[in-house]
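Contents: one structure, followed by commentary.
The values are calculated or read from the model by the stated rules, or taken from the named source; none is laboratory data. Remember, it's a predicted structure, so these values are computed and weren't measured experimentally. Cβ coordinates were reconstructed from backbone atoms using ideal geometry, including for glycine residues, and neighbour counts include every protein chain displayed. What goes into the accessible areas is simple: the full protein's heavy atoms, side chains included, and nothing from ligands, DNA or RNA. Shrake-Rupley method; radii C 1.70, N 1.55, O 1.52, S 1.80 Å.
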Amino acid sequence: PAFVTYNLTDARLVTRILQKTRLVELAVERSLLSGMPLDRVSGSIASFDFLYLGELRKRGRVAPTVQVKGEAEPTAGGAVLEPVTGLHENILGFDFKSLYPSLILTFNIDPAGHVPSPGADEDLIRAPNGACFRREPGILPEILLRLFPRREAAKRSGDAVTSQAIKILMNSFYGVLATPACRFHSAPVANAITHFGQSILLWTKRHVEELGHRVLYGDTDSLFVESNATAPEYARQVGRDLVQQINRDLSKHVFASHRVASRLELEFQQLYLKLFLPAMRHGTAGARKRYAGWVEDDGRRQVAFVGMESVRSDWTDLSKEFQHGLYERVFRGEPVEDFIRAFVGSLRSGERDSLLVYHKSLRKPLSEYTETTPPHVKAARLLPTPPGRRIAYVMTQAGPQPCGFQDSPIDYEHYIEKQVEPVADALLTQLGTSFRAVMGTERQLELF
C-alpha cells in the first residue's frame, strides 16, 4: 500500500507541476512554430532548418550539408563592463529588448546574405568583426519580421505561453549559427551578432555618460546607471526620460553609421532603491555577473539577488538565510552587528542544524575519483549502499558525512568560516568593517 501511495503521489505531483508551469501548452506552441513533433521541440537546429530551408528554396538556393571542419573559430561573447563596487542608491536598470534578434533584424544578418569576399566598391553592411551582408532583405530578418509582431500581440493579449514560445525560438537563432553541428554554422556571421552587440552596448555607455550619468555596470544587454536623484519617484522619471532620449539618439547613430533603420529598443526595467556591487572574493576588482538590489514590487520592498550565494545550489541554506537577513537590514539602513552575533550564536547552539546540508552531484563513478577526493565523494563512500547521483552531506568534526549516517558532532566552526564569514565580508568590507571585527575576533597584524 505504501508503494502504491508513493506512485499515485508521484503522478499527482507531476500533473500539478505541468498544470502550474503550463509546459504542455508551451511544447504545443513551440511545435506549431517550429514544425517539430512534441518530443523534439527543444531541437534548435532542426527547428531552424524547418523555418529556413523552405524560404531558401523559394529564393532558388540550395542549402549546404553539415561541414566537418577543423578547429572552429571561437565565438565572441557579449561585452561585460567593470563594476563600480560598493553600495549605491537610486540606480536605473536598463535592458535592450531581445538584443540579438533585434541586431539580426537591424543589420540584416543572414547566412544567405553573408558575403565572404566582398569587393571594395560593394554597398554592403559591414559588422565590427569585418563580416559583410547584402542590403537586400535576408531570410532570417524576414522570419523575425513575422515573429516580432506575433510576440507583441501575444503579450498584449496576456498569452504568456505563446509569447514565451516565440521568445525561445527567436533567441535560439544566434546559438544555432554559432554551433558547428548546424548546416548554416558560420563563425563570422555569429560573431557579427556579438560584435554588433558589444559595439551598441559600449556606444550606449558612452552616450549615457555624455548625458551626465555614471554607468556602474553593464553586461551583454543591460546597463546600471546612476540616476543622480535623491527621491525614488524623481529617479523613475529620470529613467523614463533617459530611455526615450537614448533610443532616439541610437536610431540616428545606427542610420548615420550603417544606413539602416534601427530595430533596437532600450527599456527602463527596474529602479534599484539600493544596489550592491561586490568585489571579487580575493581581490579589489568588481565581481562580474553578481549583484544584489533593493527593489519595490507592487508596493512591497524586497531583496533581489543575481549570481550571489542565495541563488546558487552549491551553498547551504544557512548561507542563503544569513545573506538575505544581512542584506535586508543593510538596505533598510539598520545596524547589523546584533543580527550577526545572534545568528552565529544560534548556529553554535544547534538551532540551525536543518540548514547545514550541502548538496552536490557526482559527475562520475566513485572509483574514478583518484587524483582528488572532494567532500561529497568522501561522504558518498561512507554510505552503506551505492549512492545516487546527488549527495547530501554535512561537515562534522570527523569530516564530511552523509545525512542520516553521522556519527560525529557537527563542525559549527567550519560553517562559520566557510558559509557565514565570506557572505558577511563581501558586504561588510564595503561598509568599513569585517565579520571578525563584529565578532570581536579580529587579530592585529604584526609589523615585524
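For the stretch 217-240, the set of residues classified as in a helix (DSSP H, G or I) and touching a strand residue (DSSP E or B) at 6+ places or on another chain (Cβ under 9 Å) consists of Pro232, Tyr234, Ala235, Arg236, Val238, Gly239, Arg240, listed by residue number. Look at the stretch 239-272 and say how many of its residues are in contact with a helix residue (DSSP H, G or I) (Cβ under 6 Å, 6 or more places away or on another chain) and under 24 Å from Leu87 (Cα atoms). Within the stretch 239-272, residues that are in contact with a helix residue (DSSP H, G or I) (Cβ under 6 Å, 6 or more places away or on another chain) and under 24 Å from Leu87 (Cα atoms) number 2. For the stretch 159-211, filtering for residues that are in a helix (DSSP H, G or I), farther than 22 Å from Asn129 by Cα and out of contact with any Asp or Glu (no Cβ under 9 Å at 6 or more places or on another chain) leaves 8. Gly333 meets the conditions (1) over 30 Å from Tyr272 (Cβ atoms); (2) at pLDDT below 95; (3) under 31 Å from the mean Cα position of the chain (by Cα) in every case but one. The failed one is (1).
Give me a count of the residues in the stretch 89-127 that are farther than 26 Å from Glu296 by Cα, among the small types (Gly, Ala, Ser) and open to solvent by less than 30 Å² (accessible area, probe 1.4 Å).
Narrowing the stretch 89-127 to residues farther than 26 Å from Glu296 by Cα: 100-127.
From the residues that got through so far, the ones that are among the small types (Gly, Ala, Ser) too are 102, 112-113, 117, 119-120, 127.
Retained after the next criterion (residues that are open to solvent by less than 30 Å² (accessible area, probe 1.4 Å)): 102, 112-113, 119, 127.
The number of residues fulfilling the criteria is 5.
A Cβ distance below 7 Å, combined with a sequence gap of six or more or placement on separate chains, defines the contacts here; from the stretch 172-190, residues that are β-branched (Val, Ile, Thr) reach residues that are open to solvent by 10 Å² or more (accessible area, probe 1.4 Å) in the pairs Val176/Ser44; Val176/Ile45; Thr179/Ile45; Thr179/His185; Val189/Pro111; Val189/His114. For the stretch 60-79, indicate whether the set of residues that are open to solvent by 50 Å² or more (accessible area, probe 1.4 Å) and not in a loop (DSSP other than H, G, I, E, B) is non-empty. Checked the stretch 60-79: no residue is open to solvent by 50 Å² or more (accessible area, probe 1.4 Å) and not in a loop (DSSP other than H, G, I, E, B). What number of residues in the stretch 389-427 are in contact (Cβ under 8 Å) with a residue 24 or more places away in the chain and either farther than 21 Å from Trp315 by Cβ or not hydroxyl-bearing (Ser, Thr, Tyr) (or both)? Selection size over the stretch 389-427: 18. Among the conditions (1) within 27 Å of the chain's Cα centre (by Cα); (2) within 30 Å of Ile104 (Cα to Cα); (3) of a type in the set (Phe, Trp, Tyr), Phe276 misses just one, which is (2). Scanning the stretch 280-303 for residues that are in contact with a Gly (Cβ under 6 Å, 6 or more places away or on another chain) and touching a residue at least 24 places away in the same chain (Cβ under 8 Å) yields one hit, Lys289.
Would you confirm whether any residue within the stretch 194-210 is closer than 30 Å to Gly299 by Cα, touching a residue at least 60 places away in the same chain (Cβ under 8 Å) and hydrophobic (A, V, I, L, M, F, W, C)? Full working, then the answer.
First pass over the stretch 194-210, keeping only residues closer than 30 Å to Gly299 by Cα: 208.
Next cut, touching a residue at least 60 places away in the same chain (Cβ under 8 Å) only: none.
Among the residues of the stretch 194-210, not one is closer than 30 Å to Gly299 by Cα, touching a residue at least 60 places away in the same chain (Cβ under 8 Å) and hydrophobic (A, V, I, L, M, F, W, C), which makes the answer no.
Look at (1) assigned to a helix (DSSP H, G or I); (2) under 17 Å from Asn191 (Cα atoms); (3) of a type outside the set (A, V, I, L, M, F, W, C) and you find that Arg146 fails only one, number (2).
Applying the set (1) on the phi > 0 side of the Ramachandran plot; (2) open to solvent by 60 Å² or more (accessible area, probe 1.4 Å) to Gly86 leaves exactly one unmet item: (2).
Just for the stretch 251-268: of the residues that are polar (S, T, N, Q) and assigned to a helix (DSSP H, G or I), which one is surrounded by the fewest Cβ atoms within 10 Å (Cβ to Cβ)? Filtering first and then ranking leaves Ser257. The C-beta contact set for the stretch 1-29 (first residue in a loop (DSSP other than H, G, I, E, B), second residue of a type in the set (A, V, I, L, M), distance under 6 angstrom, 6+ apart or interchain) comprises Arg22/Val161.
Annotation note: Cβ proximity below 8 Å between a residue of the stretch 131-145 that is more than 14 Å from Ser172 (Cα to Cα) and a residue that is aromatic (Phe, Trp, Tyr) and not in a helix (DSSP H, G or I) (sequence gap 6+ or interchain) occurs for Phe133/Phe107.
Entry remark, the stretch 191-215: residues being open to solvent by 30 Å² or more (accessible area, probe 1.4 Å), farther than 17 Å from Phe96 by Cβ and not hydrophobic (A, V, I, L, M, F, W, C) number 4 in total. Selection of the stretch 416-431 for residues being buried (at least 23 other Cβ atoms within 10 Å of the Cβ) and more than 15 Å from Glu321 (Cβ to Cβ) yields only Ala426.
Residue by residue, here is whether (1) over 20 Å from Lys97 (Cβ atoms); (2) surrounded by 15 or more Cβ atoms within 10 Å (Cβ to Cβ); (3) more than 27 Å from the chain's Cα centre (by Cα) holds:
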residue: Ala131; (1), (2), (3): yes, yes, yes
residue: Gly138; (1), (2), (3): yes, yes, yes
residue: Ile143; (1), (2), (3): no, yes, no
residue: Glu152; (1), (2), (3): no, no, no
residue: Gly175; (1), (2), (3): no, yes, no
residue: Val189; (1), (2), (3): yes, yes, no
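If you filter the stretch 147-169 down to residues that are hydroxyl-bearing (Ser, Thr, Tyr) and in contact with a helix residue (DSSP H, G or I) (Cβ under 6 Å, 6 or more places away or on another chain), you find that the one that is farthest from Val24 (Cα to Cα) is Ser163.
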